[in-house]
Amino acid sequence: MSAQPVRTRHHNWYVLGSYTLLSILAFVFVFPIVFMVVSSLKPDLQLLRDTASLNAFLPIGDISLNNYAAAFDRAPIGTFIFNSVFVTTVTVLIGLVINSMAAYSFAVLRWRGKNTVLSIVIATFIIPFEAIAIPLLLIVNSLPWLGPEGLQIGWLNSLHVQIIPFLVSAFQIFLFYQFFRDLPTELVEAARIDGASLFQIYYRVIVPISGPVFATAAILRFLDMWNQYLWPLMVVQSERYRPVMVGLQYFFQLNIAWGEVMAYLSLVTIPVLILYLSLQRAFITSIATTGIKG
Amino acid sequence: MQNKIRFVFAVLAVMLVLVGGISAQEPTTLSMWYHGAGNEVERGILLGIIEDFNASQSDWVISLEEFPQISYNESVTAAAVAGNLPDIIDVDGPVMPGWAWAGYLAPLSLPDGTLDNFLPGSIGVWNEQVYSVGLWDAAVAIFARRSVLEANSIRIPSLEEPWTGEEFDAALVTLQGTGEFEYAFDPGMAWTGEWYPYAFSPLLQSFGGDLIDRTTYLTAENVLNGEAAVAWGEWWQSLFARGLAPLTQDSADRDTGFIDGRYAIQWNGNWAALGALEAFGDDLLFLPAPDFGGGSTIGAASWQFGVSAASEHQDGANAFIAFALQDEYLAAFSNGIGLIPATSTAAAMTENYAPGGPLEVFYELSLQQAVLRPPTPGYANIALAFEKAAADIANGADVQDSLDEAVDTIDADIEANGGYGFGG
């Protein structure tokens, strides 16, 4: 008997154990989604009764798309999803540019007071949004806006009031800063020697090699914005501009229609899943990279 | 000459058109906020009232904006901070004094006698002035099955002769002892928030306690933590300690537990009555709250209409509210969403609350037994303090300590807010 087969057996057990553990974890994370989708197909009474057994996870019994039809009847779901997609997409895209450029400035450029400003930016982490919500409300309510209807004072009841205050993110700046700081300085120096401008270095050197951090920042910001609740609740009184999370409350009446709730949640989860699945490789790379670098 | 005459007539005609245009002013738009977003039936009825009102006169046009009920209060508060309140505000009864005190609402100005026939719980009074009025009220009752009570030789109580506290307790013990039910009593522990003060504080009042001293509205001392309140707390705690009621419960259990026969009797509201009736038909009973010595009482006050203090058109807002209070609309809301119409004449027009109707008893409960949650701006804080105390007690905390803590919280809030306008 050589040592090699023993090591192989150990290896096999290790692999089997790992896969078993990972499968259990996967089930734990997948089960809520399965429950949500399966429940969205059941009538309320059956849905509630099935929660007492494993039937809750199985598409059995009186299965139909009735809850989806009822959900569309109850609330303007298309409007809510459009608003959230628009607000989230614009905030993420513009935010990536603004925050990465700010981080580029902190990580690569040399200017007086840089570290102090960076400290102040990082210090804003500790202030919860709830603490600044009311002052922010008063500020946006007194700001001018030039739109199709002319000059108006106050940003309430609009999409831009849900976008502009969230374009700059201290967390994103910090995330980009950490990544940019660890990039090889030789790349930047070489570009400088070649005569590249500061913007060209950012655009042609830094951005192309920072895909993972852009993906991570995009996903995290997307989730933040997609789940926005308190701010739109405060600044949007018109149904026309409501996002999906406020829209969810349309389904919580005196007698809650759980099937419709699940149908609505299934619908609004789709954009998040699409984004995550399309960026997951870069996301995992970024997380892994950050983890290795500590 | 003829041309001149034609010219003069043409000029006169143009002037008449212009004058007519000036005198026929555009109606003023009144904004109205409502908590019923997502409820198609409610929305349909309200839009019908608005349509009728808009067509009935030429001075005002109502523009409706709907909000989800769960976050409605937060939306109104934020709008008040931003100075963006509408002309007509929908307000939950117990919240009204807070909004009136904060200056969000103006007193109503309705024609004399408008509210003469209204249920007391549907009229929102603060500082001796009417600030809001509802088209309906809600009531809770004990849901039970005649066959179950009779099989266990338990007396069926009536409005005139409700169960005494001892009778009620003994009935629970008997029902638990049959072994047929997981729990004898479902008080509704799955529902948190306003359900606690709305549904459970009447039991405290029946013991002789209350949420606040209603003679002054300045303290809860000796009322929420006095002997009577402690007696309530000990009984309340014993419900769970003796296994007569479920301490924890999910929403599914709350919705189906009684219908599926896991709970023998249930403390629930008229909004759940039709579902239970479907399941049990004539076997279902709606019974009054037990009388623990201080009377058989239930909570009152639901959603009501008020006028914004910031409205520049309060006369128009009042005109709309007066218009909406017609019996036909009260009955339409009741038939549509199952709530108790605010007048007896409207009740007579409904399917469920008319004399002989399946839910008639709820109207009588509202009329005879309703006690308003304390009409004070401090109510929001009182409700939170009571909810915490009741939950802590149910979970086994010391009764006296829990109630003392609630009293301290309530009194400190009242003091911090200068008495909320009470006490001079």
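Computed values, structure above
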read-out	value
Filtered residue count, segment B:274-310, keeping only those that are within 12 Å of another protein chain (Cβ to nearest Cβ) and surrounded by fewer than 22 Cβ atoms within 10 Å (Cβ to Cβ)	5
Odd one out for A:Leu233, checked against (1) buried (at least 20 other Cβ atoms within 10 Å of the Cβ); (2) away from every other protein chain (no Cβ under 14 Å); (3) out of contact with any Phe, Trp or Tyr (no Cβ under 8 Å at 6 or more places or on another chain); (4) more than 14 Å from A:Thr91 (Cβ to Cβ)	(2)
Selection from segment B:253-271 of residues that are within 7 Å of another protein chain (Cβ to nearest Cβ) and open to solvent by 10 Å² or more (accessible area, probe 1.4 Å)	B:Asp255, B:Trp271
Wholly within segment A:1-104, helices (runs of 4 or more DSSP H) carrying at least 2 residues that are crowded, with 19+ Cβ neighbours inside 10 Å and in contact (Cβ under 8 Å) with a residue 40 or more places away in the chain	A:44-50, A:66-74
Count of residues meeting criterion [assigned to a helix (DSSP H, G or I) and open to solvent by less than 10 Å² (accessible area, probe 1.4 Å)] in segment B:369-382	2
Checklist (1) free of Cβ contacts under 8 Å to residues at least 60 places away in the same chain; (2) under 25 Å from B:Arg155 (Cα atoms); (3) within 13 Å of chain A (Cβ to nearest Cβ) applied to B:Trp195, failing item	(2)
Residues that are facing chain A (nearest Cβ under 10 Å) and either over 17 Å from B:Leu135 (Cβ atoms) or in contact with a strand residue (DSSP E or B) (Cβ under 6 Å, 6 or more places away or on another chain) (or both), drawn from segment B:69-78	B:Ile70, B:Ser71, B:Glu74, B:Ser75, B:Val76, B:Thr77, B:Ala78
Scope segment B:48-107; condition in contact with a Lys or Arg (Cβ under 7 Å, 6 or more places away or on another chain) and of a type in the set (Ser, Thr, Tyr); matching residues	none
Condition check for A:Arg204: within 14 Å of the chain's Cα centre (by Cα), away from every other protein chain (no Cβ under 13 Å) and charged (D, E, K, R)	no
Segment A:249-272: number of residues that are open to solvent by 30 Å² or more (accessible area, probe 1.4 Å), within 14 Å of another protein chain (Cβ to nearest Cβ) and assigned to a helix (DSSP H, G or I)	1
All strands (runs of 3 or more DSSP E) inside segment B:79-173 with 2 or more residues being more than 14 Å from chain A (Cβ to nearest Cβ) and touching a residue at least 40 places away in the same chain (Cβ under 8 Å)	B:123-126, B:129-133, B:140-145
A:Pro135 being under 18 Å from A:Pro232 (Cβ atoms) and open to solvent by 50 Å² or more (accessible area, probe 1.4 Å)	yes
Within segment B:199-252, considering residues that are of a type in the set (Asp, Glu) and assigned to a helix (DSSP H, G or I), the one nearest to the other protein chains (Cβ to nearest Cβ)	B:Glu234
Subset of segment B:45-68 that is facing another protein chain (nearest Cβ under 7 Å) and open to solvent by 10 Å² or more (accessible area, probe 1.4 Å) - its residue that is farthest from A:Asn141 (Cα to Cα)	B:Glu66
Segment A:127-144 residues that are within 11 Å of chain B (Cβ to nearest Cβ), paired with ones that are surrounded by 12 or more Cβ atoms within 10 Å (Cβ to Cβ) and among the charged types (D, E, K, R) (beta carbon under 7 Å, 6 or more apart)	none
Selection from segment A:105-134 of residues that are assigned to a helix (DSSP H, G or I), aliphatic (A, V, I, L, M) and closer than 30 Å to A:Leu156 by Cβ	A:Ile120, A:Val121, A:Ala123, A:Ile126, A:Ala131, A:Ile132, A:Ala133, A:Ile134
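The values are calculated or read from the model by the stated rules, or taken from the named source; none is laboratory data. Keep in mind it's a predicted model, so treat the numbers as computed, not measured. Ideal geometry is used to build each Cβ from the backbone, glycine not excepted, and the neighbour counts take in all protein chains shown. Protein only, heavy atoms only, side chains kept; ligands, DNA and RNA dropped before computing areas. Shrake-Rupley method; radii C 1.70, N 1.55, O 1.52, S 1.80 Å.
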